1. All but one of (1) within 14 Å of Val53 (Cα to Cα); (2) surrounded by fewer than 16 Cβ atoms within 10 Å (Cβ to Cβ); (3) modelled with pLDDT of 90 or more hold for Lys132; state the number of the condition that does not hold.
2. Yes or no: Ala9 open to solvent by 70 Å² or more (accessible area, probe 1.4 Å), out of contact with any helix residue (DSSP H, G or I) (no Cβ under 8 Å at 6 or more places or on another chain) and either in a loop (DSSP other than H, G, I, E, B) or modelled with pLDDT of 85 or more (or both)?
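The values are calculated or read from the model by the stated rules, or taken from the named source; none is laboratory data. This one's a predicted model, so the numbers in the text were calculated from it and none came from an experiment. Positions of Cβ are generated from backbone atoms using ideal geometry, with glycine treated the same way; all protein chains shown enter the neighbour counts. These accessible areas exclude ligands, DNA and RNA; they are computed on the full protein's heavy atoms, side chains included. Shrake-Rupley method; radii C 1.70, N 1.55, O 1.52, S 1.80 Å.
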Amino acid sequence: MASGEEALAVVHKFNSHQISGREIRIELAKRFKKPPPPPPPSPSPPAGETRHVVYVANLAWKVRSPVLRQFFTDNFKTPVSSRVVFESPAGRSAGYGFVSFLTKEDAEAAISALDGKELMERPLRLKLSEKKVKAAPTERDEDQAPELVDQEKLKEAETEKEEIHDSDAQLEQS
């Protein structure tokens, strides 16, 4: 309603009214507390949402995120977050992961300091993670980390779909 008076008029007119043999009840909505204002933007991004990410390859299958985080903390600096990617629900690591830092300088310094260092008897390969186009998740990897796809391969797949669609259209016209 546009005003409180209009709302009261509707309540008085339609409260206890019969519709399809059933009595309806109409009341004014109770006032709720106003939601708190959104928090001010923080100077640092939330954990896991930084864009300064180091790709960590050649991980032992037993490595978990806390172990990876502790490795960076012990040998360099505490990262914002760490994540090991898994290839199956059985818990086997895919052999790679990601470690996030607040600044690009920290990420680059971590690469310089730790590339080639061993974790669980395996030399790690580190590089800055590059954001790539995300493939549509399949049912199998829906709960897992999203698979990254090369943009050229994505373009090739789109072109292939278009060619198949065009050839199907030509067959229908024949």
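1. (3)
2. No.
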